[in-house]
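Here is the structure we will look at, set down as structure tokens.
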Amino acid sequence: MRKNIVAGNWKMNTTVSEGVELAKGISNAVSNGINNAETGVVIAPPFTHLYAVGEQINHDKVCLAAQDCATEEKGAYTGEISVAMLKSIGVKAVILGHSERRTYYGETNETLLKKINLVLKNDMKPIFCIGEVLAQREAGKHFDVVKEQIESVLFTLSADDFKNVIVAYEPVWAIGTGVTASSEQAQEIHAYIRKLISEKYGTEVADNTTILYGGSCKPSNAKELFSQPDVDGGLIGGASLKVEDFMGIVNTF
Ligand code: PGA
């Protein structure tokens with residue numbers, strides 16, 4: 001059966017020393033058995049922090065992830081960070097297609113296709129984000145939006161590759177706004193996403209796919225959201241920046 005996962009997306013927050021402290025706090029809490037060992041715990045610090053954080057965490061208990069990667073393997077791409085570089089310092093997963101990257105940095109399905117294939121080729125796990133903006137939800141287009149995002153990138157993958165993908169449904173109107181999708185809204189669209197996966201790759205693959213919810217998830221609402229049958233955990237922004245808040249969400253399971 002699929003794994004429950006709680007992943008922290010630190011975004012552009014903390015200095016390196018603050019990040020190392022945060023990571024140590026999370027790693028210690030998880031290693032001391034303060035969470036259900038079955039729940040996967042992922043942290044995605046900024047690029048500058050990854051090496052130092054990687055030196056301090058228990059990699060058996062905490063999965064180190066990056067927030068993005070380059071579209072190319074190597075070469076003259078000033079300012080970019082390759083998947084091989086990330087892999088060489090113990091990074092095992094990469095967040096791709098976050099709405100902030102799609103909106104502010106013009107990420108398209110074409111760039112995401114290149115990135116996801118590089119991540120998979122390097123035996124790492126993509127955490128692939130999808131989700132609609134408020135106007136699309138209000139127009140009743142959210143199902144079509146996530147379908148298009150899934151079909152144009154994820155459904156180009158072979159079933160074997162797809163099995164390594166973690167999907168994160170993040171309604172853009174809920175990210176960093178304090179407005180959370182209701183558990184009914186989350187369940188409805190997660191079930192729809194799983195149905196699409198099942199139609200494409202079969203029920204076994206669909207049943208084994210972890211689908212995370214993201215958008216103003218915090219300790220006070222995580223239980224309700226995660227109790228939905230098709231919500232397998234969360235991608236957490238703001239509430240991943242404090243050990244107690246993040247562990248409060250991890251311990252929901
Ligand atoms: P938030 O961010 O929890 O701060 O809403 C979630 C995300 O962007 O992954």
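Legend: P(r) of the chain from all alpha carbon pair distances, 5 Å bins from 0, whole percents, reading 1, 6, 15, 19, 21, 18, 13, 6, 2, 0.
For the chain, averaging the sequence separation of C-alpha pairs within contact (under 8 Å, six or more residues apart) and dividing by the residue count gives a relative contact order of 22 percent.
Comparing Cα centroids, segment 29-76 and segment 86-147 end up 18 angstrom apart.
Using Cβ point charges alone (K and R +1, D and E -1), the dipole size of segment 1-151 about the Cα centre works out to roughly 280 debye.
The mean sequence distance of close C-alpha pairs (under 8 Å, at least 6 residues apart), as a share of the length of segment 1-62, puts its relative contact order at 51 percent.
With the largest listed first and rounded to whole Å, the semi-axes of the equivalent ellipsoid of segment 99-197 from the Cα gyration tensor are 23, 16, 12.
Sort segment 21-142 into rounded, prolate or oblate with this rule: let a ≥ b ≥ c be the square roots of the eigenvalues of the Cα gyration tensor; rounded if a/c is under 1.5, and if a/c is not under 1.5, prolate when a/b is larger than b/c, oblate otherwise. Please list the in-between numbers first.
Working: a/c = 2.23, a/b = 1.29, b/c = 1.73.
Oblate.
Only Lys, Arg, Asp and Glu carry charge here, each on its Cβ (+1 for the first two, -1 for the last two); on that basis the chain has a dipole of about 260 debye about its Cα centre.
The slack between GLU188 and SER88, meaning 0.36 nm per residue of separation minus the straight C-alpha distance, is 32.1 nm.
Can you give the FRET efficiency for LYS163 and LEU134, using 1/(1 + (r/R0)^6), R0 = 30 Å, r = Cβ-Cβ distance, to the nearest 0.05? With R0 = 30 Å, the Cβ-Cβ based efficiency is 0.35.
Considering only alpha-carbon pairs that sit under 8 angstrom and 6 or more positions apart, the relative contact order computed for segment 145-239 is 33 percent. Please list, by residue number, everything in segment 1-35 whose backbone N is under 17 Å from a paramagnetic label point 7 Å out along Cα→Cβ of TYR77. Within reach of a label on TYR77, which here means backbone N under 17 Å from a point 7 Å along Cα→Cβ, segment 1-35 contributes nothing. Applying a threshold of 28 Å to the alpha-carbon distances of LYS24/LYS74; LYS163/LYS242; LYS3/LYS121; LYS114/LYS223; LYS115/LYS163; LYS24/LYS147 flags LYS24/LYS74; LYS163/LYS242; LYS114/LYS223; LYS24/LYS147 as lying beyond it.
Coordinate-derived values only; no laboratory data. Values in this document were obtained by computation on a predicted structure and should not be read as measured data. All Cβ positions, glycine included, derive from the backbone under ideal geometry; neighbour counts span all protein chains shown.
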